[in-house]
Amino acid sequence: MYLAGGNPPKLVNGDSRCVGRVELYYYDTWRTVCGETLNMEMAEYICNYLGCGFAVSVSSNARFGEGSGPVVGRPDCGHGQDGGIFCSDPLQKAIISLKTDSPFFVGGESAQISCSGNYPGSIFSLYIDGKFLISRTTQENIHTSNFTLSDFSAGNYTCKYTTHIDGREFTSPESERVGIYLWGKIWV
C-alpha cells in the first residue's frame, strides 16, 4: 500500500471517519485511487489501518465525489472513477447493567439485566460464569436487549452481541462482568 511520506491513507467525504473516498499520500501529493482497481483486500487493509473495524464494501464512479490531483491505479482512470470504501465502525464492547442498585437478591425474586451495543437489530447473548445462558434478537432500531431472569443462579454475568453485515457475521467483545448474589429464602 502506498504509505510513502509517513501519512496514512484517509477517507474523504463520507458520513463518518470510516467511510469515504480513498486518498493516498504518495510522492508528496494526495492522490485518489481508481475504483476499478480497488478490491476488498485493499479495503480490509485500509479499514484495519484506520482502526475502523472490517471492510464492508468498495465503490467506484466517484460515489464520494471527485478528488483532485493524480489518480493511482490505471493510467486511463479519471476522477469520475474515484474509489471509496465502507468500513464498519468497530463493534464496541457490549455494555451490561443490572436494573437495580443492588446485586443482592432473595430467592424467588427476578433479576433484570440489560445488554447494549452499537449495532441495532443484533442478537444479544447472556452468559453466566462463561457458559451460554440465553439469547435474544432485537428489532432493527433497538440497541439494547433486556433479560428478565426469574429462576437464576448467583454468579458473574456477561454479554456480547452478534450482527450480520453483507452476509458476514461479526461478534462484539465480551462485556465487563456483573456479579449477582443470592441470599437464602427468608422465612417469616
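Quick notes on this one:
- Considering segment 92-110, and only residues there that are open to solvent by less than 60 Å² (accessible area, probe 1.4 Å) and in a loop (DSSP other than H, G, I, E, B), the residue that is nearest to Glu176 (Cα to Cα) turns out to be Ala94.
- Residue match in segment 17-29 (condition: under 25 Å from the mean Cα position of the chain (by Cα), under 23 Å from Ser88 (Cβ atoms), open to solvent by 30 Å² or more (accessible area, probe 1.4 Å) and of a type outside the set (Asp, Glu)): yes
- One residue stands out among those in segment 137-179 that are open to solvent by less than 60 Å² (accessible area, probe 1.4 Å) and in a loop (DSSP other than H, G, I, E, B): the one that is nearest to Glu109 (Cα to Cα), which is Phe152.
- So Glu36, is it in contact with a Lys or Arg (Cβ under 6 Å, 6 or more places away or on another chain) and in contact (Cβ under 8 Å) with a residue 40 or more places away in the chain: no
- Lone qualifier among Ile113, Ile134 - being β-branched (Val, Ile, Thr), open to solvent by 40 Å² or more (accessible area, probe 1.4 Å) and touching a strand residue (DSSP E or B) at 6+ places or on another chain (Cβ under 7 Å): Ile134
- The condition (being over 16 Å from the mean Cα position of the chain (by Cα) and either on the phi > 0 side of the Ramachandran plot or among the polar types (S, T, N, Q) (or both)) is satisfied by just one residue among Gln92, Gln139: Gln139.
- Exactly one residue out of Gly65, Gly69 is over 26 Å from the mean Cα position of the chain (by Cα) and surrounded by fewer than 15 Cβ atoms within 10 Å (Cβ to Cβ): that is Gly69.
The values are calculated or read from the model by the stated rules, or taken from the named source; none is laboratory data. Given the structure is predicted, the values throughout are model-derived calculations rather than measurements. Please note: Cβ atoms are built from the backbone with ideal geometry, for glycine as well, and neighbour counts cover all protein chains shown. Surface areas here come from the heavy atoms of the whole protein model, side chains and all, with no ligands, DNA or RNA. Shrake-Rupley method; radii C 1.70, N 1.55, O 1.52, S 1.80 Å.
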